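S.K.: Can you keep this structure in mind? I'll have questions shortly.
The values are calculated or read from the model by the stated rules, or taken from the named source; none is laboratory data. What you see is a predicted model; the values in this text were computed from it and never measured. As a convention, Cβ positions derive from the backbone with ideal geometry for all residues, glycine included, and neighbour counts pool all protein chains shown.
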Amino acid sequence: MTEKTSRTSGGEAVRAAGPMGAPVILSNEPGSFAWDVLAKRHPALIQQVRDAFPYCRRQHEALDALLDEITNGVIETLAPAEHDHVRWAYWGQEHFGHSWYDAPFLWAESYFYRRLLAAIEYFGTGPWQGVDPFAPFKQAELRGEAVEEELRALDALADAPTDERSTALLHASLWGNRADLGFRIAAGEPAVGDAATSTLVADDSALLWQLLPAGASSTVAVVADNAGRELIPDLILIDHLLEQQHVEQVLLHVKPHPYYVSDAMTTDVVDCLRRLTEAPSEASRIGSRLWKAMAAGSLEVHTHPFFCAPLPYEEMPEDLRDEFESATLTILKGDLNYRRLVGDQLWDATAPFADLTAYFPGAVAALRTLKSDVIVGLEQGTLDALERSGAAWRTSGTHALIQVRQ
């Protein structure tokens, strides 16, 4: 295929790729969303990680070197001693020696986090082995007042009709760090519910519930996104699915190691379950049921190295494909999973979601708050209205979607 360059609505330079010719998003246009992530967010994150731990001189020097590389240098390979050096050498063979900004945005983001872990010796054999550099941020959010308020809102929701509660908890899981909106949909605050619904750019929730009728012996795979304030609503939705017998078993997939700052690992699942069980009233009851569900096997936590790979789901390995194929429905949470599901490319926003996910093994649902340029499956009228608004609706986190392919 002949390669060509074009621009996103935010201005990023992109390169055409793939059988449908959709441009792959790069980060080399100053002022674009992808450029902002690499040029501003990543350097700021290096400083935040440095400040969060009393790292030694060697780690500080490695962080300084990484900062200089991403701002002024070219992409370097992982050190040969790193356990996954060969794997990343293969994944990055086209990008090493070139500017970070000229690599595909998805790859560059993923590799940055891998290099950050190398700098703080996460995979080393010394005292910092396995110490999550993002743990202080996750813990602060989990213990914050916002989570406390959201858990208290569950008490009012407990007595709501089942259908309203189902909608509320689905929206809570969808919105993640705006979870309190979802919890209160059925708690006597219709204006909030209207606001949550009006900012859905696509809503296949009816089809989602149709695939999970009560009383069916279904298995659902849930691929988590973030920890803390976003994982708690996911766990509460899982409890609802089990308690109302929409599913017989839930397989919760999390990351095998730290990734993208707040991404959920097994330790984060445990922290959230403890936070629920320590809370009063309805939240505590939910936490206790989930704790027992894990012991009984109706809730299992799974992980896979692929979840930290810079690859689309179309390239998933066979063992993970088999897991998803055996599920009644796979629910992918969050923006990164969406980018990997449809491809981190500048598709026509009206391109059918079903067509771009036809490769996926089994029924799949995406629950996503919009925080990047990638979007498909919109009605033309919806897209026209969003474009007329003048808002940064693709990247601001103010809009969301529920998309399902049977």
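S.K.: Would you mind listing the strands (runs of 3 or more DSSP E) fully within the stretch 219-310 where at least 2 residues are in contact with a Ser or Thr (Cβ under 7 Å, 6 or more places away or on another chain), buried (at least 21 other Cβ atoms within 10 Å of the Cβ) and modelled with pLDDT of 95 or more? Show your work before the answer.
M.R.: Numbers: elements: 219-223, 249-254, 299-303.
It comes to 219-223, 249-254.
S.K.: Within the stretch 379-386, does at least one residue satisfy the condition of being assigned by TED's automatic domain parsing to the domain that holds THR167 and within 28 Å of LEU235 (Cβ to Cβ)?
M.R.: no
S.K.: Tally up the residues in the stretch 48-73 that are of a type in the set (Gly, Ala, Ser) and either within 10 Å of PRO133 (Cβ to Cβ) or out of contact with any helix residue (DSSP H, G or I) (no Cβ under 9 Å at 6 or more places or on another chain) (or both), please.
M.R.: The initial filter retains those residues of the stretch 48-73 that are of a type in the set (Gly, Ala, Ser), namely 52, 62, 65, 73.
From what's left, either within 10 Å of PRO133 (Cβ to Cβ) or out of contact with any helix residue (DSSP H, G or I) (no Cβ under 9 Å at 6 or more places or on another chain) (or both): 52.
Summing the residues that are of a type in the set (Gly, Ala, Ser) and either within 10 Å of PRO133 (Cβ to Cβ) or out of contact with any helix residue (DSSP H, G or I) (no Cβ under 9 Å at 6 or more places or on another chain) (or both) in the stretch 48-73 gives 1.
S.K.: Also, quick follow-up: How do the pairs read when you match residues in the stretch 217-236 that are more than 18 Å from GLU325 (Cα to Cα) with residues anywhere that are of a type in the set (Val, Ile, Thr) and not in a helix (DSSP H, G or I), using Cβ under 8 Å and keeping only pairs 6 or more apart or on different chains?
M.R.: ASP234/VAL222
So that you can scan it fast, the table gives a plain yes or no per residue for (1) over 16 Å from LYS333 (Cα atoms); (2) surrounded by 20 or more Cβ atoms within 10 Å (Cβ to Cβ):
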| site | (1), (2) |
| --- | --- |
| ALA365 | no, yes |
| ILE375 | no, yes |
| GLY381 | yes, no |
| ASP384 | yes, no |
| ARG388 | yes, no |
| ALA392 | yes, no |
| GLY397 | no, no |
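S.K.: A further question on this structure: Could you list, in sequence order, all residues of the stretch 316-329 that are in a helix (DSSP H, G or I) and either more than 19 Å from the chain's Cα centre (by Cα) or under 21 Å from GLN403 (Cα atoms) (or both)? Don't jump to the end; show me each part of the working.
M.R.: Looking only at the stretch 316-329, we keep the residues that are in a helix (DSSP H, G or I), and these are 318-326.
Correct list: GLU318, ASP319, ARG321, ASP322, GLU323, PHE324, GLU325, SER326.
S.K.: Which condition number does ARG143 fail, the rest of (1) outside the structural domain of ALA62 (by TED's automatic domain parsing); (2) surrounded by 16 or more Cβ atoms within 10 Å (Cβ to Cβ) being met?
M.R.: (2)
S.K.: For the structure I just gave you, tell me whether LEU157 is at pLDDT 95 or above and in the same structural domain as ALA227 (by TED's automatic domain parsing). Break it down into steps so the answer makes sense when it comes.
M.R.: Numbers: at pLDDT 95 or above: no; in the same structural domain as ALA227 (by TED's automatic domain parsing): yes.
Judged against the criteria, LEU157 is not a match.
S.K.: Moving on to the next point. Are any residues in the stretch 375-406 in a helix (DSSP H, G or I) and touching a helix residue (DSSP H, G or I) at 6+ places or on another chain (Cβ under 8 Å), and if so, which ones?
M.R.: Pass one, the stretch 375-406, residues in a helix (DSSP H, G or I): 380-389.
Within the stretch 375-406, none qualify.
S.K.: Let me ask something else about it. Take residues that are within 30 Å of THR350 (Cβ to Cβ) and modelled with pLDDT of 95 or more and tell me which of the strands (runs of 3 or more DSSP E) falling wholly in the stretch 1-96 contain 2 or more.
M.R.: On the way: elements: 5-7, 13-16, 23-25.
Ranges flagged: 23-25.
S.K.: Right, ARG115: basic (Lys, Arg) and either under 21 Å from LEU336 (Cβ atoms) or touching a Lys or Arg at 6+ places or on another chain (Cβ under 6 Å) (or both) or not? Talk me through it step by step, then tell me what you get.
M.R.: Details: basic (Lys, Arg): yes; either under 21 Å from LEU336 (Cβ atoms) or touching a Lys or Arg at 6+ places or on another chain (Cβ under 6 Å) (or both): yes.
Considered against the rule, which asks whether it is basic (Lys, Arg) and either under 21 Å from LEU336 (Cβ atoms) or touching a Lys or Arg at 6+ places or on another chain (Cβ under 6 Å) (or both), ARG115 comes out as yes.
S.K.: Restricting attention to the stretch 97-110, does a residue exist that is at pLDDT 95 or above, surrounded by fewer than 16 Cβ atoms within 10 Å (Cβ to Cβ) and of a type outside the set (D, E, K, R)?
M.R.: yes
S.K.: Quick test for you: out of LYS333, LYS371, pick the one residue that is assigned by TED's automatic domain parsing to the domain that holds PRO256, touching an Asp or Glu at 6+ places or on another chain (Cβ under 7 Å) and modelled with pLDDT under 95. Full working, then the answer.
M.R.: Details: LYS333 fails: modelled with pLDDT under 95.
When all the criteria are applied, what remains is LYS371.
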